[in-house]
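Down below is the structure, laid out as structure tokens.
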Amino acid sequence: MTPALPATTPGCDAAPVLRERGQREVFCGLTGIIWLHRKVQDAFFLVVGSRTCAHLLQSAAGVMIFAEPRFATAIIEERDLAGMADCNEELDRVVDRLLARRPDIKLLFLVGSCPSEVIKLDLTRAAARLSVKHAGVTKILNYSGSGIETTFTEGEDACLAALVADLPADTTDAPSLMIVGALPDVVEDQFLRLFADLGIAPVHVLPARRADDMPPVGPHTRFLLAQPFLGETARTLEDRGARRLDALFPFGAEGTTDWLHAAARSFGIDEMHFRRVIAPGRERAKRAIEHSRDRLAGKRITFLPDSQLEVPLARFLATEAGMIPVEVGTPYLHRRHLAGELALLPAGTLLSEGQDVDRQLDRLRAARPDLTVCGLGLANPLEAEGLTTKWAIELVFSPIHGFDQAGDLAELFARPLRRRDVLRV
Ligand code: SF4
């Protein structure tokens, strides 16, 4: 049965949204450990989960042969699940052993999973108890990466929200800027250089690269979200008095300009100075996007709900690369954080939130876009049906933010189209 689709209205900021609840095809929040453990270099992620969780981490993150790993799984065995063992005692033993062997760990995250939630293991209490025991040496926090009703980028959101609750209070009267979201170091350095050239200081990043460098927060903190999936982190920062600067997300020449501009306006930076500082990067970005534009312009694209990057990426592809979004699906639509993005999506784009995978595939097969951005599990079957696909998770792992990555971002979408053309020939 074809679902009744809501009518579209001009512009997408007020467009109706097709809300679906059904079977979903996404990774769970444990996936975030793969990029977070590389970012915070003296942190360790201890998943309290099952063998399934261990396998997911092992196969997704690979085995580190040359370095000590910075993530592991404390396996909940069947007797734990049956309530025959005291999981808290076992967890304490595992953590004690780990920290005795690895004094380099300064920040330990106990990461909850579906099994730990099912047996109602209280990791908040466990983290508080273990923090007292290891005070002065290792900070211990917890968050949930469970796949029950969550999607994979929520793992980072939950992790950063846990960090925010623990940030030191900023007691100064001077305004400061915080960039929020785990970015590759090279991209973070580019942004820090641009803010320094603009004359904005101090600028902090969350998460910092080391546990003892985490930024202070207070009523004078202004923050820019670097990722669109940090709803809970933003709320926690606002609870601590910080103010979010509203902007497009820093994808492409226009998104990056708007993002930097929001900070420049907030810090009273002269408009001419702002334009002078960003002009070279902005021009480089536009030229780089131009290389892929021929391949992308006029092509129809559908995003299946996966990474929560869908709306800003569709905006980038529509406004800067000339693509035509057919359906933009996202696991959760955070209207407040995405208002500017939605306003720039072409009228007629179907917005959907959540997933009922069979119904979504029916719509996809009817629309047959040139390119479908989807999860790994759906990509191969769709390719077999003659649809060209792009893995959504690749967009989370690749450096795609900022002026100097704008060309690579466009190229990530052009490459599967080029491959399709070559195969057809
Ligand atoms: Fe599977 Fe849940 Fe473990 Fe994720 S947290 S690997 S969804 S059991």
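The values are calculated or read from the model by the stated rules, or taken from the named source; none is laboratory data. Quick caveat, the model's predicted, so the values are computed rather than measured. Quick reminder, even Gly has a Cβ in these numbers, built from the backbone with ideal geometry, and neighbours come from all protein chains shown.
Based on what the data block shows, is residue 409 modelled with pLDDT of 95 or more, in contact with a Ser or Thr (Cβ under 9 Å, 6 or more places away or on another chain), crowded, with 19+ Cβ neighbours inside 10 Å and part of a helix (DSSP H, G or I)?
So residue 409 fits the description; yes.
Listed here are the residues, each with its yes/no results for (1) modelled with pLDDT under 95; (2) closer than 30 Å to residue 167 by Cβ; (3) among the polar types (S, T, N, Q); (4) loosely packed, with under 15 Cβ neighbours inside 10 Å.
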| site | (1), (2), (3), (4) |
| --- | --- |
| 248 | no, yes, no, no |
| 257 | no, yes, yes, no |
| 277 | no, yes, no, no |
| 287 | no, no, no, yes |
| 292 | no, no, yes, no |
| 309 | no, yes, no, no |
| 340 | no, yes, no, no |
* **Enumerated strands (runs of 3 or more DSSP E) restricted to the stretch 98-213, each holding at least 1 residues that are within 16 Å of the ligand (Cβ to nearest atom) and out of contact with any helix residue (DSSP H, G or I) (no Cβ under 6 Å at 6 or more places or on another chain)** => 107-112
* Name the single residue, out of those in the stretch 29-49 being assigned to a helix (DSSP H, G or I) and more than 10 Å from the ligand (Cβ to nearest atom), that is nearest to the chain's Cα centre (by Cα). => 32
* **Condition check for residue 367: over 19 Å from the mean Cα position of the chain (by Cα) and within 17 Å of residue 300 (Cβ to Cβ)** => yes
* **Criterion (surrounded by 15 or more Cβ atoms within 10 Å (Cβ to Cβ), of a type in the set (Ser, Thr, Tyr) and modelled with pLDDT under 75) met by exactly one of 8, 2, 31** => 8
* To do: Check the stretch 239-258 and report whether any residue there is touching a residue at least 40 places away in the same chain (Cβ under 8 Å), in a helix (DSSP H, G or I) and under 15 Å from residue 180 (Cβ atoms).
  => no
* What tally of residues in the stretch 291-313 results from selecting those that are within 20 Å of residue 181 (Cα to Cα) and part of a helix (DSSP H, G or I)? -> 4
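A quick yes/no check of all residues on (1) at negative phi; (2) polar (S, T, N, Q):
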position: 301; (1), (2): yes, no
position: 310; (1), (2): yes, no
position: 325; (1), (2): yes, no
position: 348; (1), (2): no, no
position: 355; (1), (2): yes, yes
* Could you list, in sequence order, all residues of the stretch 182-208 that are surrounded by fewer than 16 Cβ atoms within 10 Å (Cβ to Cβ), closer than 21 Å to residue 405 by Cα and of a type outside the set (A, V, I, L, M)? => 185, 189, 193, 197
* Would you check if there is a residue in the stretch 269-290 being in a helix (DSSP H, G or I), under 23 Å from residue 223 (Cβ atoms) and acidic (Asp, Glu)? => yes
* Asked: In the stretch 50-60, what count of residues is obtained for those that are among the charged types (D, E, K, R) and near the ligand (Cβ under 8 Å from one of its atoms)?
  -> 0
